[in-house]
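Novice: Let me give you the structure first, and then I'll get to my questions.
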Amino acid sequence: MSTAQPPKGAPQRSAQHEGTPVSPALVELEGVSVVFSGKVRALDDVTLSIAQGEIVGLVGESGSGKTTLCRVLVGLTPATTGTVTLGGETVGAQLAKSPLAFRRRVQMLLQDAVASLSPRMTIGKTLREPITIHDLPRAEAEARLKTILQRLGLPADVLAKFPHQISGGQARRVGVARALVMQPQIIIADEPTAGLDVSVQGELLNLLLELQQELGLTYLLVSHNLNVIRRVTGRTAVMYLGQIVEEAPTRELFDKPAHPYSAALLSTNPAIDPAHRARRIVLQGEIPSVVNPPSGCRFHTRCPVAQPRCKTDAPALTEVGPLRSVRCHFPFSLELRR
Ligand code: SF4
């Protein structure tokens, strides 16, 4: 987990993102599993709902299934079992009907914005490519592109430049512009601030938050930077070995995690307020392989408070409060505070 301090000027959550979804669900995953080659269970029984206009965080170590979950949402990896819906219709049905229409609705912001731009194409060509592919009305799309560039603080002459001629911060903005030109309903942002210096991180987060408030955009934000998650998201899901082990309003999760894994993960985050400094909980061993996950609770091999029952009896995701669910037989048994 990142130990970076919060970016200077990082945005604060708006009141409407204090954990209570205010709109109906836009995205719903119900009992979703993804099994590769008949034995690698990359996702196991994942249920998650994201409301229109929400910013939901997704955290967990590398190998926990975050990337697979994102790929399922953007339609790149099909669910082996379970259902995934966007706007009430399954992703599978939407892809079968019109892949292009579906891909307009769900956009992904990639971590390495510069690498995702073709070095041989001008920024203008890159930004206009989806307009051509999706056969959008040209005049309308051009007008929208102009507005987006202005909104993102990108000068018009950026369109004539090649990727190596723009800064890293501008490349990130071009990535956002490319996503916005499609007028998506949801943006999946995978480590959008990784590798950026703190001032650019703050700028980008401010921008994403402002766009969310202005356009009612919905985000799933995947980040190793827990301070980014804490400041921007309203709800957070914690993943471990292909499962969501806890889902909670972000503030409650950071104040009092219910799952021992969440407690350990959050204990790696340096608190800004010394009064809230947590003791560091060091987990033993590496994350086990999804090819051969531990029996019972998947976390029992590393859990500091495991009991005999945990080795044989797999816990279900169980409600422990409003909008709070945890997959543990003994929730709240690992205290984060001293
Ligand atoms: Fe730990 Fe047992 Fe809870 Fe799993 S079920 S997280 S092993 S206490």
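The values are calculated or read from the model by the stated rules, or taken from the named source; none is laboratory data. These numbers come from a predicted model, not from an experiment. FYI the Cβ positions are ideal-geometry reconstructions off the backbone, even for glycines, and counts take in every protein chain you see. Protein only, heavy atoms only, side chains kept; ligands, DNA and RNA dropped before computing areas. Shrake-Rupley method; radii C 1.70, N 1.55, O 1.52, S 1.80 Å.
Novice: Before we move on, is L26 within 23 Å of P315 (Cβ to Cβ) and open to solvent by less than 20 Å² (accessible area, probe 1.4 Å)? It would help to see each step written out before you state the result.
Specialist: Working: within 23 Å of P315 (Cβ to Cβ): no; open to solvent by less than 20 Å² (accessible area, probe 1.4 Å): yes.
Spelling it out, it is not the case that L26 is within 23 Å of P315 (Cβ to Cβ) and open to solvent by less than 20 Å² (accessible area, probe 1.4 Å).
Novice: What pairs come out if I take residues in the stretch 102-113 that are farther than 18 Å from L26 by Cα and pair them with residues that are open to solvent by less than 80 Å² (accessible area, probe 1.4 Å) and part of a loop (DSSP other than H, G, I, E, B) whose C-beta lies under 6 Å away, six or more apart or interchain?
Specialist: Once the first residue is farther than 18 Å from L26 by Cα and sits in the stretch 102-113, its partners that are open to solvent by less than 80 Å² (accessible area, probe 1.4 Å) and part of a loop (DSSP other than H, G, I, E, B) give L109/P192; L110/S116; Q111/E191; Q111/A194.
Novice: For G195, indicate whether it is within 19 Å of the chain's Cα centre (by Cα) and under 23 Å from P24 (Cβ atoms). Before you say what the answer is, go through the steps one by one.
Specialist: Numbers: within 19 Å of the chain's Cα centre (by Cα): yes; under 23 Å from P24 (Cβ atoms): no.
Criteria not met by G195.
Novice: For the stretch 293-309, how many residues meet the condition of being basic (K, R) and more than 8 Å from the ligand (Cβ to nearest atom)? Even if it seems obvious, please write down each step before you answer.
Specialist: At the first step, the residues of the stretch 293-309 found to be basic (K, R) are 298, 302, 309.
Restricting the remaining residues to those that are more than 8 Å from the ligand (Cβ to nearest atom) gives 302.
Counting residues in the stretch 293-309 that are basic (K, R) and more than 8 Å from the ligand (Cβ to nearest atom) gives 1.
Novice: Given the conditions (1) more than 24 Å from S23 (Cβ to Cβ); (2) at pLDDT below 90; (3) not aliphatic (A, V, I, L, M), and given that G216 satisfies all but one, which numbered condition is not satisfied?
Specialist: G216 satisfies every listed condition except (1).
Novice: Still on this model: Taking the residues in the stretch 322-338 that are open to solvent by less than 60 Å² (accessible area, probe 1.4 Å) and modelled with pLDDT of 90 or more as candidates, determine which candidate is farthest from L253 (Cα to Cα).
Specialist: Filtering the stretch 322-338 for residues open to solvent by less than 60 Å² (accessible area, probe 1.4 Å) gives 324-329, 331, 333-334, 336.
With the extra rule that they be modelled with pLDDT of 90 or more, the set shrinks to 324-329, 331.
Values: R324: 9, S325: 11, V326: 11, R327: 14, C328: 15, H329: 18, P331: 12 Å.
Result: H329.
Novice: Which one of these is out of contact with any helix residue (DSSP H, G or I) (no Cβ under 6 Å at 6 or more places or on another chain), modelled with pLDDT of 90 or more, buried (at least 19 other Cβ atoms within 10 Å of the Cβ) and not in a loop (DSSP other than H, G, I, E, B): V34, V72? Talk me through it step by step, then tell me what you get.
Specialist: Values: V34 fails: out of contact with any helix residue (DSSP H, G or I) (no Cβ under 6 Å at 6 or more places or on another chain).
After applying the criteria, what remains is V72.
Novice: Going by the conditions given, is L208 more than 20 Å from the chain's Cα centre (by Cα), assigned to a helix (DSSP H, G or I), under 30 Å from T233 (Cβ atoms) and in contact (Cβ under 8 Å) with a residue 24 or more places away in the chain?
Specialist: On the way: more than 20 Å from the chain's Cα centre (by Cα): no; assigned to a helix (DSSP H, G or I): yes; under 30 Å from T233 (Cβ atoms): yes; in contact (Cβ under 8 Å) with a residue 24 or more places away in the chain: yes.
Considered against the rule, which asks whether it is more than 20 Å from the chain's Cα centre (by Cα), assigned to a helix (DSSP H, G or I), under 30 Å from T233 (Cβ atoms) and in contact (Cβ under 8 Å) with a residue 24 or more places away in the chain, L208 comes out as no.
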